[in-house]
Each structure stands twice: as structure tokens, then as C-alpha cells.
């Protein structure tokens, strides 16, 4: 877990919003967001206040490892002190400065060599054009060699920085190993089963674990971890196929025998629900909504009806359901006045063709057309007209979509 991810986890564990934490530190909410996303790091001056607001020490905030209790306690083996992090950051800045100076020196040397070679080429060109081509090729080779050297330097620096960051993340992590598996939603299921297992890096007898789902909206769900017979913990969770769980985070919290709690993010999913649910849209295509007055003392009569388009896109998972039936209602003045069946058998035709030699192929999506007969209705205006579509999947679940004029 990076420092930014740890800041976010500790903030949530403390029940603080980004705005509330920013107020306590005297910084902007955008600064908190940048720290948590990793696009920037808090300054050394901010680390003390940030650690105090989150109820941890500076070293625990940076490494994720709690310091031993007592004023004279030595730092635990493998921890990174604040001074070490500062030296690391200063070293990286100094390395970047040295690299910048080296690049400038190489550029100056290249410019000098290019000028010298150009002068030589001009002199030699007076005697023979063949020699000019020779030196031009040499210059091109020199430029390519310098460019390759520059790329090698950048790659080496990037690799070393990445190695340092990865080492710090591994050092700060609470987890020795983590595994997860999504099951099949099953027939008419409204959720996807998720099996998880974790092995803590520093197991203690009497330790317990809990898994928490943080959806992009709605309430978090906590599931108690079950000991696996060794030093690990497992859990069975249910991911609801709801809009709130389109994006979610799964974390684990370890509670030690002394009551201390440490948390770490395990899994982050985006656009999850779209993998298991179809996307349905309905819209008029050649549709009529027009009116005429019967007389000065009567309501207006509107002519309503025509063709509409139903667009269906299956979930992107290989095992996602497929539509087997669809229909649409024409609602006028709050009442269903017509119902049209929509032929979506193409999805079933694709799904029914597997054999031993040819596995099943699934239609990913398409547009289907149907129409309502044009009728006359007494309404106040077009805003009382609506098309509501219902698509039934092979699991029995029904997905609705509507278009309001």
C-alpha cells in the first residue's frame, strides 16, 4: 500500500471526510485528494499534523507499521524513520539534479561535436562530396548513440525509483499473500459471490480479521473473516449488482490481541456491474406526437404512436446473462395504453449454437425495432407521453429503461 492509499484508509477508519481532514490541517480538500491519489506527497511540515489528525505516528503513517510503545523504545526492525524518508527524498532530488546536469553536459558536448563535424564537412566538401557523405553518416551515428545513452540513463533512473517505491510498499504492507475469486451469479441472482483469503505478514495468536466493502455510493458492508486453520483468514462476500457497486474497494482489517486495528486495501474494481448486467436504452425513431383542438371548450387531442428503437448491450463478462424477451409500454397520461413485443431472439440464437467442436459464441449487442399504433388521446401535452422498455435476461432478472418526451 502506498503512502497515499494509507492516508485514505486511515482517514476512512477515523470517520473523517476529505473536507473535515483538510480543515483540521489548514490545507485545501484538493491537497488531501492529491495526497491520497499519489499525485503529490505531503511536505515534511505536514506529516506531523497529518499523523496526529489520523491518530498514528509519522513512521506508522509512512510505513504502515506501528512503533513499539514507550518513550525509550527503539524503532522496530524494518521500519523507516522519518529522517530516513527525508534522506531518501533528498537523495532522489539530488539524483535528479545530477541527471539534469549530466543531460546538459551531454547536450553541450553534442553541440560542440556537431559544430566541429559540420566545419570539417564544409572544409572537406571543397575537395570531395564523397567525404561529406561519410562525415554526415558519422554525425548521424553519433547523435543516435547519444540519444541511446540518454534513454538508458532515464530508464535506469526510472527502474531504480520504481524499485525503491516497490520496496517501501512491500515493507509497509500488512499482507504476506492475498487471493480472490468471483463466482457465477447463478439463476435470478441479484449479486455475485466473492471468495477472498489473506495471510497476514505478522500473525499473532488471538488475531482476528474483517473484510469491508466500500461502494462508490451507499453503505459499507463488513464481513467477519474465518480462520483457515493456519495463520490466514478467509471470507465469503456478496457483491450486489446495483449501481452503487459499479465501483468499489475491498479492504481487510486485522485486530491484534491488544485491540489494535490495522487496515489495508486489497482490491479496487471499476465498472463492475456492467460486466454482469446488460445496458438497455429506448428511444423514438419515427414517432408522431401531434395535436388538434376539437373546439374552444374542449381539451386538446394528441395523436401519439410510431416506431421506436431498443438498444441492448450485454455485460462484458463471458458468463454474463443474455436477453431472452423484451417488451415496451406506451404510457399516456400516466396509463399504459399499448404494449409492444420486441423480438430479441438473435441473442438466444447465438447462445444455442455451441457444439463439441465449436464453443458457444454470444452476441454482444444490437438494436431492435418495434412500433405502437397511432392513436388519439386527451392529454395536456407531450410531457405526459413515455416509453418504458423491459428486457428479461436468461437468469430471470429484468432490466428497465425509459424515454420521457
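No lab work stands behind these numbers, since they all come straight from the coordinates. The model shown is predicted, which means the values in this text are computed figures rather than measured ones. Here the Cβ is made from the backbone with ideal geometry for all residues, glycine too, and neighbour counts use every protein chain on show.
For residue 290 and residue 371, what is the calculated FRET efficiency with R₀ set at 22 Å and r taken between the beta-carbons, to the nearest 0.05? Present the calculation step by step, with values, prior to reporting the outcome.
Numbers: r = 16 Å, r/R0 = 0.74.
It comes out at approximately 0.85.
Any chance you could run the full-extension gain for residue 300 through residue 178? It's 0.36 nm times the residue separation minus the Cα-Cα distance, nm to one decimal.
Values: separation 122, 0.36 × 122 = 43.92 nm, distance 6.67 nm.
Taking residue 300 through residue 178 to full extension adds about 37.2 nm, to one decimal.
Report the FRET efficiency, 1/(1 + (r/R0)^6), for residue 14 and residue 279, where r is their Cβ-Cβ distance and R0 is 30 Å, rounded to 0.05.
Details: r = 38 Å, r/R0 = 1.25.
Calculated transfer efficiency: 0.20.
What is the gain in length, in nm to one decimal, between residue 219 and residue 392 on full extension, counting 0.36 nm per residue of separation less the C-alpha to C-alpha distance?
Values: separation 173, 0.36 × 173 = 62.28 nm, distance 2.82 nm.
Length difference between fully extended and current span is 59.5 nm.
Take every Cα pair under 8 Å in the range 277-404 that's 6+ residues apart, average their separations, divide by the length, and report that relative contact order as a whole percent. Write down the numbers at each step before the final one.
Numbers: 291 pairs, mean separation 41.8, N = 128.
So the answer I get is 33 percent.
Listing 405, 178, 214, 254 from the residue with the fewest other Cβ atoms within 10 Å to the one with the most, what is the order? List each step's numbers first, then the result.
Details: 405 13, 178 16, 214 19, 254 23.
If I rank by nearby Cβ atoms, fewest first, I get 405, 178, 214, 254.
Between residue 144 and residue 319, what is 0.36 nm times their sequence separation minus the Cα-Cα distance? Round to one decimal in nm. Please report the intermediate quantities before stating the final value.
Values: separation 175, 0.36 × 175 = 63.00 nm, distance 5.07 nm.
Here the answer is 57.9 nm.
Among 279, 21, which comes first, second and so on when ranked by fewest other beta-carbon atoms within 10 Å? Write down the numbers at each step before the final one.
Values: 279 16, 21 22.
Lowest count first: 279, 21.
Given a Förster distance of 56 Å, report the FRET efficiency between residue 349 and residue 39 from their Cβ-Cβ distance, rounded to the nearest 0.05.
On the way: r = 49 Å, r/R0 = 0.87.
For residue 349 and residue 39, the calculated efficiency is 0.70.
Fewest first, what order do 312, 139 take by the number of other Cβ atoms within 10 Å?
On the way: 312 27, 139 17.
Exposure proxy ranking, most exposed first: 139, 312.
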